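The values are calculated or read from the model by the stated rules, or taken from the named source; none is laboratory data. Quick caveat, the model's predicted, so the values are computed rather than measured. Using ideal geometry, Cβ is built from the backbone for each residue, glycine included, and neighbour counts are taken over all protein chains shown.
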Amino acid sequence: MTRPRLIVPAKLLSHAAGDEVVAREVLALFRDHAGDWAESVRAAQSLVEMRQASHRIVGAARGIGAEAVAALAATIERAEALEAGRAEAERLVPLMQALLAEIDMLLASAAQLGETGAGRGIPA
């Protein structure tokens, strides 16, 4: 059984104004920073720190069409207590890892499409 996609390509392209080059750049930027963002949520020493770190993920994940990640980060952002947020943060780490793997796959697929002369694109 395959895991459902975490990124909705149509949303990603919509946020990039239909520009596939911009979409790939946005994915690459997300990939470059996402690990640090997730670690900031896990390592937060206060509820304020956790909420700020989660807020970054909410916006960035929505920007690439990763609504499940954004929803979980939003849950952490709304946590009433640090421990409740930490419990949710433990769920965020593997989800972010899966998202990063999907981004790598999308970027590799787009690169392969460009290299084969088939045109470029974010696979639907």
Would a scan of the stretch 49-58 turn up a residue that is more than 22 Å from residue 4 (Cβ to Cβ), part of a loop (DSSP other than H, G, I, E, B) and not acidic (Asp, Glu)? no
Just give me the residues in the stretch 50-71 being in contact with a Phe, Trp or Tyr (Cβ under 7 Å, 6 or more places away or on another chain) and farther than 15 Å from residue 82 by Cα, in sequence order. 56, 57, 60, 64
Being surrounded by fewer than 21 Cβ atoms within 10 Å (Cβ to Cβ) and modelled with pLDDT of 95 or more: is that true of residue 66 here? no
Among residues belonging to the stretch 1-33 that are surrounded by 15 or more Cβ atoms within 10 Å (Cβ to Cβ) and among the β-branched types (Val, Ile, Thr), point out the one that is modelled with the lowest pLDDT. 8
Within the bounds of the stretch 48-59, is there any residue that is hydroxyl-bearing (Ser, Thr, Tyr) and under 16 Å from residue 101 (Cβ atoms)? no
Among the listed residues 71, 79, which satisfies the condition of being surrounded by fewer than 20 Cβ atoms within 10 Å (Cβ to Cβ) and either modelled with pLDDT of 95 or more or under 8 Å from the mean Cα position of the chain (by Cα) (or both)? 71
I'd like the full set of residues that are among the acidic types (Asp, Glu) and part of a helix (DSSP H, G or I), limited to the stretch 1-48. 20, 25, 32, 36, 39
